[in-house]
1. For segment 74-104, which positions are acidic (Asp, Glu) and assigned to a helix (DSSP H, G or I)?
2. Has segment 32-50 got at least one residue that is more than 30 Å from ALA119 (Cβ to Cβ), in a helix (DSSP H, G or I) and among the β-branched types (Val, Ile, Thr)?
3. List the residue pairs whose Cβ atoms are under 9 Å apart, where the first residue sits in segment 149-164 and is of a type in the set (Gly, Ala, Ser), the second is part of a helix (DSSP H, G or I) and buried (at least 16 other Cβ atoms within 10 Å of the Cβ), and the two are 6 or more positions apart or on different chains.
4. Give me the residue from segment 112-134 that is hydrophobic (A, V, I, L, M, F, W, C) and surrounded by 14 or more Cβ atoms within 10 Å (Cβ to Cβ) and, out of that set, farthest from ASP155 (Cα to Cα).
5. Within segment 105-117, is there a residue that is of a type in the set (A, V, I, L, M, F, W, C), over 32 Å from the mean Cα position of the chain (by Cα) and outside any helix (DSSP H, G or I)?
6. How many residues, within segment 140-173, are within 20 Å of VAL75 (Cβ to Cβ) and assigned to a helix (DSSP H, G or I)?
7. Considering each of VAL52, VAL75 in turn, give the residue that is surrounded by 13 or more Cβ atoms within 10 Å (Cβ to Cβ), free of Cβ contacts under 8 Å to residues at least 24 places away in the same chain and of a type in the set (Val, Ile, Thr).
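Coordinate-derived values only; no laboratory data. Everything quoted here is computed from the prediction, not taken from an experiment. So basically every Cβ, Gly included, is an ideal-geometry build from the backbone, and we count neighbours across all protein chains shown.
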Amino acid sequence: MAMIILIVIIAVLVLSTGYVVRQQHVAVIERLGKFHGFAGPGFHVKFPFIDVTRDVSLMTEDEHMTFDAKTSDNVTIELDVSIQYHVDYGDVEKGADSGVYRSFYTLQDPVGQMQDYLADALRSQIPARTLDEVFSEKDAIAHAIDEVVAAKMLDYGYVLVTTLITRIKLPKEVQESMNHIIASKNNLESATNDANAAKAKTVIAAQAKAEAMAAEGKGIADQRVAIARGIKDSIDTIRESGVTEEEANRLFEFTQWTDMMNNYAASGKATTVLLPEDFDQSGVFKSIVAGKKAGEK
């Protein structure tokens, strides 16, 4: 029985003497309630019942927080903020002057303290901006509050890795109003584009029509010039045959009249030609007869 008791006592002493510190952790050693030092990852031995070890994580932590703020145009918004932080372990060898020491012995609720600092920093940034500016300058706001809070938390032994504004939530009525404004703006742009397209189409059609009319007019003018030249050449040819100028004119009129009647008849349509009652006494008839005689001559 005595042997068993001795073995139990030895086992308790061994278990209370040795301890293991995990990777990315550090152990704070207190001897008789007073800070004594740190122990890094691995197996260590302590004085039983005299030394007490407390585990401190050096890994980066992630916290999500929500804040309310009012913009300069009196819109109350809700912001979701994400922060990443860790204990300042870069100067562990300094002992009581290290970041690990300050993080363990200075703040009881570091997350709550960071939340207060963030809320204060946000409420100094958001009221200076309109709602549109908050959306467009979201990263700048996050960077500004990160600098302020990071400097303060470093005094407590915490390194603020980054601060992100992950979401900006608007009141329902404001969101509906913004959606309506955006929809109206898009409709206005669409109507403007349609009107500009129709205007361009009309202008192009008018330009094409003007060019076509100009080309048609030039064609008619060229045609009339060609006809006039042809008439002149015909009259000159007739004059060279020995007839008088009056007879040449009569013959030309007669030729035009007969050509017109032949074309009229060749159209193949049922037509009726009306002649004046005194056709045989009219100038047209006399011109025809004179032209016929000139032609025979």
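1. GLU93, ASP97
2. no
3. GLY157/GLY99; GLY157/VAL100; GLY157/TYR101; GLY157/ARG102; GLY157/SER103; GLY157/PHE104; GLY157/PRO110
4. LEU131
5. So far as segment 105-117 goes, yes, one or more of its residues are of a type in the set (A, V, I, L, M, F, W, C), over 32 Å from the mean Cα position of the chain (by Cα) and outside any helix (DSSP H, G or I).
6. 7
7. Going through VAL52, VAL75 in turn, the sole match is VAL52.
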